[in-house]
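Visitor: Could you have a look at this structure, given as structure tokens, before my questions?
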Amino acid sequence: MRPGENMKISHKAVEVEQQEWKKRRLKERMKQMLTIASPIILLLVWECLSRTNLIDVRFFPPPTKIIGTLFSMIYSGELFHHMWVSLYRIFCGFLLGAIPGIVIGLLMGLYSPIRHSISPIVMALMPIPTLALLPIIIILFGIGDFSKVVTIAGSVFFPVVINTTAGVINIDSIYLDVAKNYGASSKDFFFKIALPGSLPVMMEGIQMGQAIALLTIVAAEMMGATSGIGYLIWTSYKAFMLQEMFVGLILISFFGYLFSLLLRFIQKKILPWR
Amino acid sequence: MDTKISIENLTKVFYKKNASVTALDEVSMDIAEGEFVCIVGPSGCGKTTLLRILADLETLSAGKIEIKQDKKDRPLQSMVFQERGIIPWLTVEENVSFGLKMRHLPIQQVRERTDYYLQKVGLDQFKKLYPKELSGGMKQRVSIARAFANDPEILLMDEPFAALDEQNKFILQEELLSIWEETKKTVIFITHSIDEALLLSDRILLMSAQPGKIIKEIKNDSPRPRKIEQMRANQKTAEHFIEILNHLHEEVQKSRS
């Protein structure tokens with residue numbers, strides 16, 4: 001068949017597929033629009049209900065007012081003070097929990113005697129909320145930064161240690177065979193197989209630890225603290241300054257989002273092979 | 001010719017809670033230097049177990065194996081694994097150089113050999129890619145390049161083409177032959193494909209299942225270099241094919257009854 005011969009039909013076929021493709025694209029865009037629109041609509045509804053006094057303004061101040069409070073707190077510097085204090089505690093607590101979690105998790109994954117002796121302890125301690133230990137932690141470490149750091153570290157440690165162990169154990173046995181067959185030393189085995197192979201599952205644990213760190217900091221700062229986002233939320237609530245309280249809640253939500261974006265970015269960078 | 005691998009009365013028993021399965025029953029064979037041997041048998045006949053014992057991934061229960069070492073600095077054996085044998089977090093290049101790096105050879109030498117075999121299997125443009133971006137055929141090329149680059153005394157291959165589609169399989173088989181003819185390594189190649197065994201090997205060993213035993217040996221002296229078309233047209237190859245087929249049929253029937 002010569003090239004031009006089938007022109008008419010094929011042209012039409014392309015047109016049909018083009019229409020289909022446009023429809024699909026439109027649908028995709030609609031879905032994206034929905035994702036952006038739904039929170040905005042929720043805020044609008046809240047604003048209207050609050051302004052028209054259909055819901056109690058004392059409990060649900062209109063979002064525009066909350067934003068106003070947010071800006072005035074930014075200008076006064078009060079916001080940054082609480083923010084930095086909390087971020088510092090989250091950061092230190094996160095590292096203090098995640099690093100031992102990774103190290104112990106790797107050891108547990110690599111050496112089964114270590115795994116069998118430590119895992120019952122980990123399993124026994126894991127269900128205990130670190131927050132329930134807060135009174136003891138405060139007695140031991142005081143009401144300063146360090147007690148908050150320890151509380152966060154305690155909560156971050158468990159998901160990280162469990163996922164790191166699982167990450168090592170679940171490395172496909174064929175890669176262990178390859179390493180053995182090609183004569184990998186134990187050092188090479190660790191750096192070329194165990195560590196990179198467990199990284200994806202380990203990162204999931206770190207992602208979880210990050211989320212738990214945020215949950216913990218707020219609660220930890222509600223008890224025995226004099227600054228921080230949790231303190232801001234708690235004291236505002238007790239003084240019935242609900243606009244300030246909402247600002248605190250917004251901050252937590254914002255940082256939760258920011259951290260998970262950050263971790264996802266790091267994940268992409270260190271796991272290019274996924 | 002010199003004997004490269006000698007296996008004497010090799011027996012492997014798997015023991016589990018009072019029940020034992022004899023995977024290999026007094027298997028003996030001698031394989032000459034530079035020989036390409038295919039072991040053919042139904043699944044579960046212990047052929048992979050035999051290979052894993054030679055690869056030092058499994059211990060033997062009784063018997064003796066010996067691989068003659070000609071050069072001191074050479075590894076005894078390298079294995080080409082079934083699909084999934086290449087490591088996903090290493091690039092193509094890092095996978096091919098894996099064995100060399102594990103032996104801590106000088107960087108210059110590692111690079112030269114890696115580049116040489118990357119080019120041999122036609123993957124030099126893809127060397128920076130990760131395995132997830134490769135097709136099944138390309139992955140097995142990486143696996144083959146990795147084993148050859150390691151320059152072992154003997155090569156072990158565990159059904160390396162079993163998961164490929166037929167067209168890719170033909171291409172890789174011929175590529176393997178051309179690389180092999182250049183190095184003339186001693187190879188033990190496991191397969192369940194009779195065609196594959198006839199195309200590649202100098203000698204075919206047939207295995208029976210439970211207990212795993214060598215039941216027949218077939219010399220395959222078709223001239224090299226071989227092409228798939230020639231092998232298909234060859235009368236003698238066709239006879240061998242029928243012979244092996246009948247033998248395996250019998251074995252499968254026996255194990256069923």
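Visitor: Normalise the Debye intensity by I(0) for chain A, one equal point scatterer per Cα, no solvent, then take log10 at q = 0.07, 0.14, 0.16 Å⁻¹ and round to two decimals.
Guide: At q = 0.07, 0.14, 0.16 Å⁻¹ the computed log10 ratios are -0.43, -1.05, -1.19.
Visitor: Here is a further query. Tell me the angle of helix B:107-120 to the major Cα principal axis of chain B, expressed in degrees between 0 and 90 and rounded to the nearest ten.
Guide: With rounding to tens, the tilt is 60 degrees.
Visitor: Ordered by packing density, taken as the mean number of other Cβ atoms within 10 Å over each peptide's residues, highest first, how do A:107-114, B:36-43 rank?
Guide: B:36-43, A:107-114
Visitor: Using +1 on the beta carbon of Lys and Arg, -1 on that of Asp and Glu, and nothing else charged, what's the dipole of segment A:1-60 about the Cα centre, debye to 20?
Guide: So the dipole magnitude of segment A:1-60 works out to roughly 200 debye.
Visitor: Which aspartates and glutamates have a Cα less than 13 Å from the Cα of residue B:72, not counting those fewer than 8 places away in the same chain?
Guide: Of all the aspartates and glutamates, those that pass the test against residue B:72 - Cα under 13 Å, at least 8 places apart if same chain - are B:151, B:153.
Visitor: Within segment A:11-143, what is the number of lysine pairs with alpha carbons under 20 Å apart, leaving out pairs fewer than eight places apart on the same chain?
Guide: Close lysine pairs under the 20 Å cut-off: 4.
Visitor: Ranked from highest to lowest mean number of other Cβ atoms within 10 Å per residue, what is the order of the peptides B:188-198, A:258-268?
Guide: B:188-198, A:258-268
Visitor: How big is the protein assembly as shown in terms of Cα radius of gyration and Dmax, in angstroms?
Guide: Here Rg and the maximum Cα pair distance are 32.7, 100 Å.
Visitor: Please list the helices of chain A that count as membrane-span-like by this rule: a mean Kyte-Doolittle hydropathy of at least 0.5 together with Cα atoms stretching 15 Å or more along the helix axis, each helix being a complete DSSP H run.
Guide: A:63-76, A:78-110, A:112-125, A:145-169, A:195-222, A:242-270
Visitor: If you don't mind, another one. In whole Hz, what ³J(HN,Hα) sequence does segment B:68-81 give by Karplus (6.51, -1.76, 1.60; θ = phi - 60°), x for Gly and Pro?
Guide: Working through the residues one at a time gives 6, 9, 8, 10, 4, 7, 8, x, 5, 8, 9, 10, 9, 7 Hz.
Visitor: Using only helices, what value at 222 nm comes out for the protein assembly as shown when you add -39,500 (n - 2.57) per DSSP H run of length 4 or more and divide by the total residues, to the nearest 500 deg cm²/dmol?
Guide: -19500 deg cm²/dmol
Visitor: Calculate I(q)/I(0) for chain B by the Debye formula, one identical point scatterer on each C-alpha and no solvent, and give its log10 at q = 0.09, 0.11, 0.16 Å⁻¹ to two decimals.
Guide: Here log10 of I(q) over I(0) equals -0.41, -0.61, -1.26.
Visitor: Using a 10 Å cut-off around each Cβ of peptide B:94-106, what is the average number of partner chain Cβ atoms that fall inside?
Guide: 3
Visitor: Of all beta bridges DSSP finds with both residues in the protein assembly as shown, what is the antiparallel percent, to the nearest 5?
Guide: Roughly 50 percent of the DSSP beta bridges within the protein assembly as shown come out antiparallel.
Visitor: With N set to the residue count of segment A:158-265, report its C-alpha Rg divided by 2.2 N^0.38 Å to two decimal places.
Guide: The reported ratio for this selection is 1.60.
Visitor: Give me a single rounded figure for A:187-196: the average over its residues of other chain Cβ atoms within 10 Å of their Cβ.
Guide: Mean partner shielding for this stretch: 2.
Visitor: Shielding of B:81-88 by partners, i.e. mean partner chain Cβ atoms within 10 Å per residue?
Guide: Taking all residues of B:81-88 together, the mean is 5.
Visitor: Which peptide among A:236-244, A:26-34 comes first, and what is the full order, when sorted by highest mean count of other Cβ atoms within 10 Å?
Guide: Most protected by this proxy first, the peptides run A:236-244, A:26-34.
Visitor: Follow-up. ³J(HN,Hα) across segment B:151-157 via Karplus (A = 6.51, B = -1.76, C = 1.60, θ = phi - 60°), whole Hz, x for Gly/Pro?
Guide: 6, x, 5, 9, 10, 10, 10
Visitor: Cα-Cα over 25 Å: which of B:139/B:216; B:12/B:68; A:180/B:213; A:180/B:68?
Guide: Those over the limit are B:139/B:216; A:180/B:213.
Visitor: Return the sequence-ordered ³J(HN,Hα) values of segment B:128-135 in whole Hz as given by the Karplus equation 6.51 cos²θ - 1.76 cosθ + 1.60 applied to θ = phi - 60°, using x for Gly and Pro.
Guide: 8, 7, 8, x, 4, 8, 9, 7
We did not get these values from a lab; they are worked out from the coordinates using the rules stated. Values in this document were obtained by computation on a predicted structure and should not be read as measured data. With ideal geometry, Cβ positions are generated from the backbone for all residues, glycine too; neighbour counts draw on all protein chains shown.
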